[in-house]
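Here is the structure we will look at.
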Amino acid sequence: MRWETDGGPASVAEKNPPDLPRAKGMIMKAVVYHSFGGPEVLEVVEVPEPKMFADQVRIRIKATALNPADLGFQAGAVDALVDSFFPVIPGWDVAGIVEEVGIGTTGFKPGDEVIGFVRGVIQRYGTYAEQITAEPRQLARKPANLDWGQAAGLPLVGLTAYQAVVHALGVREGETVLVHGAAGGVGHLAVQIAAARGASVIGTASESNHGYLRFLGVQPVTYGVGLADRVRALAPGGVDAVLDTAGRGALAITQRIGTADVRAASVANSNEHPGTIQVFAHLDQADLEALVELAEAGKLSVRVAWSFPLDQAADAQRLLSEGHSGGKIVLTVA
Ligand SMILES: NC(=O)c1ccc[n+]([C@@H]2O[C@H](COP(=O)([O-])OP(=O)(O)OC[C@H]3O[C@@H](n4cnc5c(N)ncnc54)[C@H](OP(=O)(O)O)[C@@H]3O)[C@@H](O)[C@H]2O)c1
């Protein structure tokens, strides 16, 4: 049936340019694993392109970002909860160009530059690859002022930070906020989101990251023994809210450094402080769009600490596993 005769949507051919640079059934380059393990199980191979359903878009990936969850899923740590169909292509963050749209797709067209958080309910097609297919609700336009690597580094940690600072902690103007792990992937966005809401921000980090935190307007403190005293010196009246992105018992000092009704949230499964709100990043297009607006307003920058070509994904994961990457590690796709 030709829908345009009854006012319905255009056909696939009409929605997509006639000179699509690809043919159906082609293969693409991807990084995969055939069994659970560490970075050593990754292989660079050619696989069939992902199929695209009628309400999806096909994205030509320009860059993707690594996250600690990639390592856990790849190690089989959540095998009891999530099905993996081998070979698995890891990765959930994407920045790229819409290449093709399904007949039932609205909101995006070929040529659009987008970012997305494309975690599925199974592990099969991820973003360590040349292409991914996604639903429009998983996407937002790419911030015009971010390059591809920065844009790829925004979705997962941005959603996590935004949902922690805005929805879980409800950080308000004039408050003082402490972020544990302030120079990490989640942390460096959380401190900026808190500052954009008018909070005064203290962040824990290795000394090598203190200059960067000062550049963001954050008061840096070194983590480890004596942390509570160092935070108290900067916030004698106590902090109003604490976000833990580091784990390792960081929340244990919360009562000593907080106001009487201090609020605490964790993205690192930590709960040493009673009433800690556990945050689990979830897809919310409105939150993704809010992140784009903050970035375009100059209030949110993504620090790409390391950039690797797709073929070197295993080296990139080794660096991530050290836990001190100082921002985002991204893979660029030619
Ligand atoms: N719940 C969710 O939905 C969700 C989403 C995303 C991430 N996460 C989790 O959140 C955590 C952070 O993720 P990420 O992407 O930000 O990781 P990341 O970029 O690797 O950052 C790790 C951070 O931990 C800090 N750190 C390392 N050793 C520390 C120590 N001994 N004490 C205190 N801090 C220490 C690092 O600080 P320095 O580099 O300054 O030393 C760095 O800021 C991970 O556990 C990740 O799995 C959860």
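The values are calculated or read from the model by the stated rules, or taken from the named source; none is laboratory data. Note that the structure is a prediction, hence the values are computed from the model and not measured. Using ideal geometry, Cβ is built from the backbone for each residue, glycine included, and neighbour counts are taken over all protein chains shown.
Points to keep in mind about this one:
- Of the residues Gly126, Gly158, the single one that is within 16 Å of the ligand (Cβ to nearest atom) and closer than 27 Å to Val45 by Cβ is Gly126.
- Residues that are assigned to a helix (DSSP H, G or I) and within 8 Å of the ligand (Cβ to nearest atom), drawn from segment 313-334: Leu320
- All positions within segment 186-207 that are of a type outside the set (A, V, I, L, M) and more than 7 Å from the ligand (Cβ to nearest atom): His188, Gln192, Arg197, Gly198, Ser200, Gly203, Glu207
- Every test in (1) within 15 Å of the ligand (Cβ to nearest atom); (2) under 18 Å from Phe117 (Cα atoms); (3) part of a helix (DSSP H, G or I); (4) small (Gly, Ala, Ser) is passed by Ala281 save one, and that test is (3).
- Residues that are among the small types (Gly, Ala, Ser) and either within 13 Å of the ligand (Cβ to nearest atom) or part of a helix (DSSP H, G or I) (or both) within segment 129-151 comprise Gly149, Ala151, listed in sequence order.
- Annotation note: Cβ proximity below 6 Å between a residue of segment 268-295 that is in contact (Cβ under 8 Å) with a residue 40 or more places away in the chain and over 20 Å from Gly184 (Cα atoms) and a residue that is basic (Lys, Arg) and part of a helix (DSSP H, G or I) (sequence gap 6+ or interchain) occurs for Gln285/Arg137.
- Subset of segment 264-305 [of a type in the set (A, V, I, L, M, F, W, C) and more than 13 Å from the chain's Cα centre (by Cα)]: Ala264, Ala265, Ala268, Ile277, Val279, Ala286, Ala290, Leu294, Ala295, Ala297, Leu300, Ala305
- Summed over segment 295-312, the residues that are crowded, with 20+ Cβ neighbours inside 10 Å and away from the ligand (no atom under 16 Å from the Cβ) give a count of 2.
- Yes/no for Ala183 being closer than 25 Å to Ala63 by Cα, touching a residue at least 60 places away in the same chain (Cβ under 8 Å), buried (at least 17 other Cβ atoms within 10 Å of the Cβ) and within 12 Å of the ligand (Cβ to nearest atom): yes
- When Arg60, Arg119, Arg141, Arg137 are checked against the criterion of being surrounded by 21 or more Cβ atoms within 10 Å (Cβ to Cβ), charged (D, E, K, R) and modelled with pLDDT of 95 or more, Arg119 stands alone in meeting it.
- Filter result for Glu173 (at pLDDT 95 or above and within 14 Å of the ligand (Cβ to nearest atom)): no
- Taken over segment 214-230, the criterion of being surrounded by 14 or more Cβ atoms within 10 Å (Cβ to Cβ), in a helix (DSSP H, G or I) and without any contact (Cβ under 8 Å) to a residue 24 or more places away in the chain is satisfied by Arg230 alone.
- In segment 231-261, residue farthest from the ligand (Cβ to nearest atom) [restricted to those that are buried (at least 19 other Cβ atoms within 10 Å of the Cβ) and either assigned to a helix (DSSP H, G or I) or without any contact (Cβ under 8 Å) to a residue 40 or more places away in the chain (or both)]: Gly258
- All positions within segment 240-279 that are more than 19 Å from Ala195 (Cα to Cα) and either among the basic types (Lys, Arg) or at pLDDT below 95 (or both): Arg248, Arg256
- Residue count, segment 152-180 (criterion: under 17 Å from Asp284 (Cα atoms) and not in a loop (DSSP other than H, G, I, E, B)): 15
- From Gly211, Gly203, residue being assigned to a helix (DSSP H, G or I), closer than 29 Å to Thr64 by Cβ and without any contact (Cβ under 8 Å) to a residue 60 or more places away in the chain: Gly211
- Qualifying strands (runs of 3 or more DSSP E) (wholly inside segment 21-97; at least 3 residues being touching a residue at least 60 places away in the same chain (Cβ under 8 Å)): 27-32, 57-65
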